[in-house]
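Below you'll find the structure, written out as C-alpha cells, and then a few comments.
The values are calculated or read from the model by the stated rules, or taken from the named source; none is laboratory data. In this text the structure is predicted, and so the values were computed from the model without any measurement. Note: ideal-geometry Cβ built from the backbone for every residue, glycine included; neighbour counts use all protein chains shown. The area values use the complete protein model at the heavy-atom level, side chains included, leaving out ligands, DNA and RNA. Shrake-Rupley method; radii C 1.70, N 1.55, O 1.52, S 1.80 Å.
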Amino acid sequence: MDPVLLKLALGGLAVLGCIGLFFGVGLAMAAHKFAVEGDPKVEEVLEVLAGAQCGGCGFAGCEAYAEAVVHDPNVPPNLCFPGKAEVAEMVAEITGKKVTGVQDIIASVRCSRIEGKVGKRHKYTGHPSCAGANLAFGGPFACQYACVGFGDCAESCPFDAITMKDGFPSVDPDTCVGCGTCVKACPKKIIELIPKAARVWVPCSSKDTGPAVKQVCEVGCISCKLCVKVCPAKAVSFEGDIVKIDHKKCMEFGPDCKEICVEKCPRHIFRYYRTSKSESETLRAVAA
Amino acid sequence: MNRELLTFPKGGIHPPEHKEISEHLQIERMPIPAEVDILLQQHFGAPCSPLVKKKDIVNEGDVIGTVSAGLGASVHASVTGTVKNIGTSPHPTSVKAPSITILTDTQAQPRTYGPADWKAMPRDEMLSRIKEAGIVGIGGAGFPTHVKLAPPPAAKVDTLLLNGAECEPYLTTDHRLMLESPGDVVGGASIILRILGINECKIGIEANKPAAIDAMEKAVKEASSNGQRISVVPLKVKYPQGSEKQLIQSLTGRKVPGFGLPFDVSVIVQNVGTAKAVYDAVCLAKPLYEKVVTISGKGISRPANLLVRIGTRLKDIVEYLGGTKNGLAKVVMGGPMMGFAIPTLDVPVMKTTSGVLFLTEDEIDLSPHGHCIRCGWCLDACPMGLSPNEIGVYVEAGRAEDTSQFGLFECFECGCCAFVCPARRPLVQFIRLAKMKAKK
C-alpha cells in the first residue's frame, strides 16, 4: 500500500478519534455535573395513570398529579377519576399511601326541561354555544335555570361521554369517569357529579318560587321542602335554594326509609337514580 | 353652520340614524301606572338593600333602598302608594334582579318641589343633595354621580365636558331635553363646575341636532356667567361620538390612555341628562325618579319621547301608546348599537334607560353569521384600534383566555365591528364571552 495513503488513513483515524474522545469526555462530565435527580416513583405513577390529561384531579395534567401525589403527603392516591379503583390501588402501592375508598361518580344534568315541556322565551340568533346564549337574557328557554342545549358540556368532555340528543345532553354512564370537566363548562352550573350508586336525585336546578316554576315547567321543583322534612336520614337539605342530597348519608341509611322522599314529592321530581331503582327494590325484598 | 366640526380620529361608523321617527315629538308626561317595580340595582356598584317592608306606605320621592357600604346610589319610590312585594323583576342584563313593587295610590297628590338658591349653597351641601337624590350617570353606565364629582385630590380636573352627542340611532331623549329645558341643563353644568371648582365647560352636540345646538347656545348666553366659560361645540356626526373616550378626544384633543380614566387627562364627562338631574336635585331637592325615554321603531303604534316614572313596566308604556304593530320582531332596551334585546315586556324602566325600541323585521338583521373572511373592516371601524376579528376567531377556537393581547379589556362594546362585518359575525358577543372567560 502506498505509505502516503496509509499515513492519511491513520492520521484521519487519529484526528477523528481525538475529537470523539474530547466530546465524549465533555458529555460525560456534563452529564455528571448537570444530572437531574429523576424520581423513579413519579415515572412509575405516570405509567399507571390513565393518561387522559382530563384535569379531573384538579392538577394541570397527569404529570403534575403524579409529582404531587409522590411528593405531597396530603394528596390522596385516588384522584385519577378515569382510572377508577384499579389505578388508585396501584398509585397507593407505589406511593405507600392508603386508599380511602374510591367511589364511581358520574356527571348528571339536573334539568328536566324536555319532560317539563319548558317553552322558548325568545329566538336566539347569536353564536351557537351555551355560554353565548346565556349572555342573551339567560338563554332562550322560559326557565332561567334550564339547560341551554348547545352542548358546551359535550364539546368539553375529554372522553366523549356526553352526546346531545334533541338538544339535551345525555351522559353515557359507562364512559363517564366523573372528571368534572363538563361541570366547569356548563354556564348554568346545572351539572352535578353524583355517585353511581346513589339511590335518589332531583333532576331540577330551579331556584324560583313555586308559582314561577309552575308557570314555565310541568315537573320542576317548587321548593316545598317536603323532602327535607320526611327524610329520616337527614340527608336532604336546601343549599343555595336548590335541593342538596348528602348521598353518603342516604346510602348509609339504606333502604329502610322505603324512599319516602320519592313517594312524597308532590311534583314527582324526586326520583330513583338511574339503575339503582331495581337494586333498591331487591334490597327491600331481601329486607322484607 | 360654517364651522369645522370636531371629531375623533380613529374608526367610527355612520349607521342610519332613524331619528326622524321621534325627534320632532315633544316630551310627554305619561300618566302614573298602577304599579311600579323599582329595581334595587340601577347603578354601577353594589346593589341597594331595601329600607321598607311589605305593606309599608311610601311617598313619591322617599328613599326605599340604599347602599350601606361601597359604591352605589340610593333608589327612591317613584309613586305614592303601598309596598306590594319585595321580590324580583326581569332585568335587561342579569335576567332577574331584586326589586320593590309599589301599588300606586291613585288619590295621592303629586309632590311639589320649591326652588332653592344654589348659588349661595356650599359645595358639600350640593354634593350631599346629589347623593341623596340617587343620581347616577343616566347616559347608560350608571356610575354614581356624587362619587364622580368628588375626584381624588391627585386628579387635577380643569374641564367639564357635557355629553349631548346622542350618537346612538333612534334615541332622541337628550335632543328633546336640550331643546325643551336648555336652561336646566346649563344650570346643571354651572352647579357641577362650582362643585369641581373649575370654570371651563364644553357641551358637545352632534351636528345633526341644529335646533338643540341653537337652544343650548341661547341658554348659555342667557345664563349669568360668574366667570364660568361654558361653550357649545358642534361635533361631526359619527358613531360612537358620544362614547366617553372618543368625546374627550373630539372636544379637547386629549387621549385617555388605555385602561385610563378621564381624570388622567384632567376632564370629567357628564351626560346632559345627568346635568339636568343634578339641577333638579340641587335646586329643587328632587330625587331622580323620573326619566325621559325614547319609544321608537316601526313596531310601536305611536312613537314618543315619554317622561315616565322609574319602575314603569314596558307593557304599561306599550299599552299607553296604543300597543305594538304587526311585524314586531325585536324589542331592544337602549339604542340599537349598544342596547340589549329583551324577551319580556315586564322589564321596568331604570335610571339608565334611554330608550326602548320596537323593531320590525325589516329594521333588524336575522341573516345567519358565517366565518371570518379576513377582510379587516372591523379593524378600520374600531374606534379603539383593536382587533375584533382575532378575538372572534379565538373565541370560536375555544381560546378565549388568550385574547387580552388584542385589547379585549379596552373594548367598550360600541358594536362598530359587528355593524360593518360582511359575514354578520356577532363580534360583540364574542368579546363579551371572551371577557367573561378571561376574567376567570
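Just the residues that are open to solvent by less than 30 Å² (accessible area, probe 1.4 Å) and either out of contact with any Gly (no Cβ under 9 Å at 6 or more places or on another chain) or not in a loop (DSSP other than H, G, I, E, B) (or both), please, taken from the range B:91-103. Step through it out loud before you land on a result.
Looking only at the range B:91-103, we keep the residues that are open to solvent by less than 30 Å² (accessible area, probe 1.4 Å), and these are B:91-92, B:95, B:97, B:99-102.
Result: B:HIS91, B:VAL95, B:ALA97, B:SER99, B:ILE100, B:THR101, B:ILE102.
Only residues that are polar (S, T, N, Q), modelled with pLDDT of 90 or more and in a loop (DSSP other than H, G, I, E, B) were counted across the range B:104-160, and they come to 0. Every condition in (1) under 30 Å from B:SER22 (Cβ atoms); (2) more than 14 Å from chain A (Cβ to nearest Cβ) holds for B:ALA329 except the one numbered (2).
Residue count for the range B:380-434 satisfying the condition of being of a type in the set (D, E, K, R), within 10 Å of chain A (Cβ to nearest Cβ) and surrounded by fewer than 23 Cβ atoms within 10 Å (Cβ to Cβ): 3.
Taking every residue in the range B:346-365 that is touching a residue at least 12 places away in the same chain (Cβ under 8 Å) and pairing it with any residue that is among the polar types (S, T, N, Q) and not in a helix (DSSP H, G or I), at least 6 positions away or on another chain, the pairs with Cβ-Cβ distances below 6 Å are B:PRO348/B:SER89; B:VAL349/B:THR312; B:MET350/B:GLN42; B:LYS351/B:GLN42; B:GLY355/B:THR294; B:LEU357/B:SER296; B:PHE358/B:THR324.
One line per residue, one yes/no per condition, for (1) open to solvent by less than 40 Å² (accessible area, probe 1.4 Å); (2) part of a helix (DSSP H, G or I):
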residue	(1), (2)
A:LYS7	no, yes
A:GLY20	no, yes
A:LYS41	no, yes
A:GLY51	no, no
A:CYS57	yes, no
A:PRO76	no, no
A:ALA85	no, yes
A:GLU93	no, yes
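Of the residues making up the range B:307-329, those that are open to solvent by 10 Å² or more (accessible area, probe 1.4 Å), out of contact with any Asp or Glu (no Cβ under 9 Å at 6 or more places or on another chain) and farther than 17 Å from B:GLU290 by Cα are B:VAL318, B:GLU319, B:GLY322, B:GLY323, B:THR324, B:LYS325, B:ASN326.
The single condition among (1) under 19 Å from A:ALA142 (Cα atoms); (2) modelled with pLDDT under 90 that A:CYS257 does not meet is (1). Taken over the range B:69-90, the criterion of being within 14 Å of another protein chain (Cβ to nearest Cβ) and open to solvent by less than 20 Å² (accessible area, probe 1.4 Å) is satisfied by B:SER89 alone. Take the range A:114-138 and flag every residue that is facing another protein chain (nearest Cβ under 10 Å), assigned to a loop (DSSP other than H, G, I, E, B) and farther than 25 Å from A:CYS179 by Cβ. Those that are facing another protein chain (nearest Cβ under 10 Å), assigned to a loop (DSSP other than H, G, I, E, B) and farther than 25 Å from A:CYS179 by Cβ: A:ARG121, A:HIS122, A:LYS123, A:TYR124, A:THR125, A:GLY126, A:HIS127, A:ALA136, A:PHE137, A:GLY138. Taken residue by residue, the range B:74-97 has at least one member that is on the phi > 0 side of the Ramachandran plot and under 23 Å from the mean Cα position of the chain (by Cα).
Kindly evaluate A:ALA197 against the criterion of being free of Cβ contacts under 8 Å to residues at least 60 places away in the same chain, surrounded by fewer than 21 Cβ atoms within 10 Å (Cβ to Cβ) and either within 14 Å of chain B (Cβ to nearest Cβ) or in a loop (DSSP other than H, G, I, E, B) (or both). So A:ALA197 does not fit the description; no. When the residues of the range B:38-68 are filtered to those that are open to solvent by 10 Å² or more (accessible area, probe 1.4 Å) and not in a loop (DSSP other than H, G, I, E, B), the one that is farthest from B:ALA277 (Cα to Cα) is B:ILE57.
Conditions tested, residue by residue: (1) crowded, with 23+ Cβ neighbours inside 10 Å; (2) touching a helix residue (DSSP H, G or I) at 6+ places or on another chain (Cβ under 6 Å); (3) under 30 Å from B:VAL347 (Cα atoms).
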{"position": "A:LYS123", "(1), (2), (3)": "no, no, yes"}
{"position": "A:TYR145", "(1), (2), (3)": "yes, no, yes"}
{"position": "A:GLU155", "(1), (2), (3)": "no, no, no"}
{"position": "A:ASP160", "(1), (2), (3)": "no, no, no"}
{"position": "A:SER170", "(1), (2), (3)": "no, no, no"}
{"position": "A:SER206", "(1), (2), (3)": "yes, yes, yes"}
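Just need a number here: residues in the range B:339-366 that are away from chain A (no Cβ under 14 Å) and open to solvent by 60 Å² or more (accessible area, probe 1.4 Å). Residues flagged as away from chain A (no Cβ under 14 Å) and open to solvent by 60 Å² or more (accessible area, probe 1.4 Å) within the range B:339-366 amount to 1. Annotation note: of A:VAL87, A:VAL148, A:VAL109, the sole residue that is within 14 Å of chain B (Cβ to nearest Cβ) and touching a Cys at 6+ places or on another chain (Cβ under 7 Å) is A:VAL148.
Confirm whether A:CYS221 is modelled with pLDDT of 90 or more, assigned to a helix (DSSP H, G or I) and among the hydrophobic types (A, V, I, L, M, F, W, C). When the stated conditions are applied, A:CYS221 does not pass them.
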